[in-house]
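Chemist: One structure, as structure tokens, below. Some questions next.
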Amino acid sequence: MSLLTIGTVAFDTIETPYGKAERIVGGAATYASIAASYFTDKQRLVSVVGDDFPIAEMNYMKKRGIDLEGLDIKEGEKSFFWAGKYHDNMNSRDTLATELNVLADFNPKLPKAYKDSKFLLLGNLTPEIQLKVIKQMSKKPKLIALDTMNFWMDVAMPALKKVLKKVDLLTINDEEARQLSGEYSLVKAAKKIHKMGPEILVIKKGEHGALLFMNDKVFFAPAMPLAEVFDPTGAGDTFAGGFMGYLASSKSLNFENFKRAMIYGSAMASFCVEEFGITRLKRLNKSQINKRLKDFKKLAHFEL
């Protein structure tokens, strides 16, 4: 089924204890769409870039089955740029530069063919933009997933709460779940967030895995233990892409299928962090993904 992704397509400069990568391709929609492309070939992307964005990268995405009719290219302008430096433990980072450029006045307009998409992934953008996208859909998708962050909770909470009433699924990290709900216990936090609108909640815990809360049921997906994490940038977006890509390729939205989607998302995220940017995602193949999925099964499986 068709998956529509809204988010950033951008450039990043990333420094970690393992090195530095200058002006590499990044952005939430980029990571999510490439990850999803390994599971569904009916993808649509809405974003904005300047004329500095490489044509070769756009051609690569098209080859992956990602429809770029909704990618607005602004002539004479620059793409969104972010620079950051990670600390030794890789769990915290400092933002060194943020240049909005074309993103400053981004006003997404969905192509007619996109408005009937069955699955909608709203990447981390302003709540106002996310709401505009929902209103442009010709009918409600089977599943609307929303990603957000603590920044929007700080500066746009009223608008964020309006969007939450319109979505089925919310993905945030544990600190954001506590901030949004006012509860330290993630179980209590989930109950409060459900009342805000989303029936399904995914709480990401970085290297400690992720939690799924749905219909009074809870599932924990572990993170793959890795000897080295080169670059955690985009891991959450890659998780969301793998998660939604798997669901878009399946026929059911029951709890068991959401559990599988959690593992698919976690597997894709575990590849993402192995190299800088989208490099590892671009070199993947189905046999490598299937092996990683089997590794995840071994990691969590036991008999009683």
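Chemist: Would you please give the FRET efficiency between Asn107 and Ala227, computed as 1/(1 + (r/R0)^6) with r the Cβ-Cβ distance and R0 = 35 Å, to the nearest 0.05?
Modeler: Calculated value: 0.20.
Chemist: Now for a separate question. Once you have the Cα-Cα distance between Lys291 and Glu69, take 0.36 nm times their residue separation minus that, and quote the gain in nm to one decimal.
Modeler: Residue separation times 0.36 nm, minus the Cα-Cα distance, leaves 76.5 nm.
Chemist: Filter the cross-link list Lys140/Lys166; Lys161/Lys259; Lys204/Lys259 down to pairs whose alpha-carbon distance in this structure exceeds 19 Å.
Modeler: Those over the limit are Lys161/Lys259.
Chemist: Give me the percent of DSSP beta bridges within the chain that run antiparallel, rounded to the nearest 5.
Modeler: 40
Chemist: Using the per-residue mean of other Cβ atoms lying within 10 Å as a proxy for protection, in what order, highest first, do the peptides 179-188, 24-33 fall?
Modeler: 24-33, 179-188
Chemist: Sum up the charges of everything whose Cβ sits under 13 Å from the Cβ of Lys251, counting Lys and Arg as +1 and Asp and Glu as -1, but leave Lys251 out.
Modeler: Charge balance near Lys251 sits at +2.
Chemist: Using DSSP to call loops (not H, G, I, E or B), can you name the trypsin sites (Lys or Arg not before Pro) in segment 14-114 whose Cβ has at most 13 other Cβ atoms within 10 angstrom? Please report the intermediate quantities before stating the final value.
Modeler: On the way: sites: Lys20, Arg23, Lys42, Arg44, Lys62, Lys63, Arg64, Lys74, Lys78, Lys85, Arg93, Lys109, Lys112; in loops: Lys42, Arg64, Lys78, Lys109.
Of the trypsin sites (Lys or Arg not before Pro), the ones in loops of segment 14-114 whose Cβ has at most 13 other Cβ atoms within 10 Å are Lys109.
Chemist: While we're on this one: Spelling out what I want: for every residue of segment 181-188, take phi, set θ = phi - 60°, compute 6.51 cos²θ - 1.76 cosθ + 1.60 (Karplus), and round to whole Hz; glycine and proline get x.
Modeler: Running phi through 6.51 cos²θ - 1.76 cosθ + 1.60 with θ = phi - 60° gives 8, x, 10, 7, 5, 5, 5, 5 Hz.
Chemist: Still on this structure: Nothing charged except the Cβ atoms of Lys and Arg (+1) and of Asp and Glu (-1): what's the magnitude of the dipole of the chain about its Cα centre? Round to the nearest 20 debye.
Modeler: 1500
Chemist: Within segment 221-279, list the GluC sites (Glu not before Pro) lying in a DSSP loop whose Cβ has at most 13 other Cβ atoms in a 10 Å radius.
Modeler: Glu228
Chemist: Ok, one more. Placing +1 at every Lys and Arg Cβ and -1 at every Asp and Glu Cβ, with all other atoms neutral, what dipole size does segment 191-234 have around its Cα centre, in debye to the nearest 20?
Modeler: 360
Chemist: On to the next question. Could you sort the peptides 164-170, 8-14 by per-residue average Cβ neighbour count (10 Å cutoff), highest mean leading?
Modeler: Highest to lowest by the protection proxy: 8-14, 164-170.
Chemist: Okay, next question. Return the calculated 222 nm mean residue ellipticity for the chain, to the nearest 500 deg cm²/dmol, obtained by summing -39500 (n - 2.57) across DSSP H runs with n ≥ 4 and dividing by the residue count.
Modeler: So the helix-based figure for the chain works out to -11000 deg cm²/dmol.
Chemist: Excluding residues fewer than 8 places away in the same chain, name every one of the aspartates and glutamates whose C-alpha is closer than 15 Å to that of Lys192.
Modeler: Asp168, Asp174, Glu175, Glu176, Glu183, Asp216
Chemist: Suppose a student asked you for the relative contact order of the chain, using Cα pairs under 8 Å spaced at least 6 residues apart; what percent would you report? Mind showing how you got there, number by number?
Modeler: Numbers: 633 pairs, mean separation 54.3, N = 304.
Averaging sequence separation for qualifying contacts and normalising by length gives 18 percent for the chain.
Chemist: Across bins of 10 angstrom width beginning at 0, how are the C-alpha pair distances of segment 3-300 distributed, in whole percent?
Modeler: Spelled out bin by bin, segment 3-300 gives 6, 30, 39, 22, 3, 0 percent.
Read-outs: derived from the displayed coordinates by stated rules, not from any lab. Because the structure is predicted, anything quoted here is derived from the model rather than measured. Methodologically, a virtual Cβ is constructed for each residue, glycine included, from the backbone with ideal geometry; neighbour enumeration extends over all protein chains shown.
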